[in-house]
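So the structure is just underneath, and the comments pick up after that.
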Amino acid sequence: MNRFARRYLARFLVPFAVTAMLIGPTVTNATDATQRGDFAVKLDGDEIGYHRFELIEEGAQHRLISEARFDVRFLFINALKYRHHATEVWSDGCLREIETRTQANSKKLAVSAATIDDRLIVDAGSERNEFSDCVMTFAYWNPEFLRQSRLLNAQSGEYLDVEVEALGSEPITVRGADVEASVYRLTAKKLELKLWYSPDDEWLALESVAKGGRVIRYELT
């Protein structure tokens, strides 16, 4: 790979991978007990992968199972190979358990967490933390996460300070229909996301701009 290609990949792929690692699934109704969703992931309008999930009701708890797969090519090179699988258990709006496995090219991450004596114990391999408050991940399927000042990055184990700003409403086309959506901006560390929600609080889309001006977008299908 020549010097130009290496410089391009350093400017674009690292921010893209960070964005991908923080993006979670949406929810569409399938049954009363199970909800399923499917997102197309696009880069500058070209589809590069998907994010699929199931949210399963189990008594007073909900189990979220999600999978993501992206492949970005640059000059006939497979520049980014991203794979992610996560299982989360939620109760009373709080995270109770989590198990994630992520691969971004050669980099591999694993995070696990469990609740012991009302404390969430998060193990990210090189670091272990305990939280006594109600912890939430970047759970876009649950609009209550927009009220949080800190969120857990489920793929690195970091507990990040976040800011959320309401931007009003604007029309958006979802599955061929126009919807007047509420729009929010979320910032965390080096990440900035724009989010769209329906009047029924269904997450509709997400957009982020990587270095170099390339647009990463999630669209509900």
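The values are calculated or read from the model by the stated rules, or taken from the named source; none is laboratory data. Quick caveat, the model's predicted, so the values are computed rather than measured. Reconstructed Cβ throughout: ideal geometry from the backbone, glycine too, with neighbour counts over all protein chains shown. Side chains included, ligands, DNA and RNA excluded: accessible areas come from the protein's heavy atoms. Shrake-Rupley method; radii C 1.70, N 1.55, O 1.52, S 1.80 Å.
Overview of results
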item: Those residues of the stretch 166-182 which are surrounded by 10 or more Cβ atoms within 10 Å (Cβ to Cβ), at pLDDT 95 or above and more than 11 Å from S198 (Cα to Cα), in sequence order; result: A166, L167
item: Test: V89 is out of contact with any Phe, Trp or Tyr (no Cβ under 7 Å at 6 or more places or on another chain) and closer than 13 Å to L152 by Cβ; result: no
item: Neighbours by Cβ (under 7 Å, 6+ apart or cross-chain): first from the stretch 44-57, open to solvent by 60 Å² or more (accessible area, probe 1.4 Å); second among the acidic types (D, E) and part of a strand (DSSP E or B); result: R52/D38; R52/E67
item: Residue match in the stretch 187-200 (condition: open to solvent by less than 30 Å² (accessible area, probe 1.4 Å), of a type in the set (V, I, T) and part of a strand (DSSP E or B)); result: no
item: Test: residue in the stretch 93-105 that is over 26 Å from Q61 (Cβ atoms) and either in a loop (DSSP other than H, G, I, E, B) or of a type in the set (D, E, K, R) (or both); result: yes
item: Members of the stretch 111-127 found to be among the aliphatic types (A, V, I, L, M) and surrounded by 14 or more Cβ atoms within 10 Å (Cβ to Cβ), listed by number; result: V111, A113, A114, L120, I121, V122, A124
item: Checking A154 against (1) of a type in the set (A, V, I, L, M, F, W, C); (2) touching a residue at least 40 places away in the same chain (Cβ under 8 Å); (3) open to solvent by less than 10 Å² (accessible area, probe 1.4 Å), the condition it does not meet; result: (3)
item: Any hit, the stretch 35-43, residues being surrounded by fewer than 17 Cβ atoms within 10 Å (Cβ to Cβ) and over 17 Å from the mean Cα position of the chain (by Cα); result: no
item: Test: residue in the stretch 71-84 that is among the β-branched types (V, I, T), surrounded by 14 or more Cβ atoms within 10 Å (Cβ to Cβ) and either modelled with pLDDT under 90 or not in a strand (DSSP E or B) (or both); result: yes
item: Subset of the stretch 173-186 [outside any strand (DSSP E or B) and either in contact with a His (Cβ under 7 Å, 6 or more places away or on another chain) or farther than 23 Å from R69 by Cβ (or both)]; result: G176
item: Subset of the stretch 201-221 [in a strand (DSSP E or B), surrounded by fewer than 20 Cβ atoms within 10 Å (Cβ to Cβ) and among the β-branched types (V, I, T)]; result: V209, V215
item: Subset of the stretch 44-86 that is of a type in the set (A, V, I, L, M) and in contact with a helix residue (DSSP H, G or I) (Cβ under 8 Å, 6 or more places away or on another chain) - its residue that is farthest from W141 (Cα to Cα); result: L75
item: Every pair of residues 6+ apart whose Cβ atoms lie under 9 Å, when the first sits in the stretch 187-201 and is under 15 Å from W141 (Cβ atoms) while the second is open to solvent by 90 Å² or more (accessible area, probe 1.4 Å); result: S198/E180
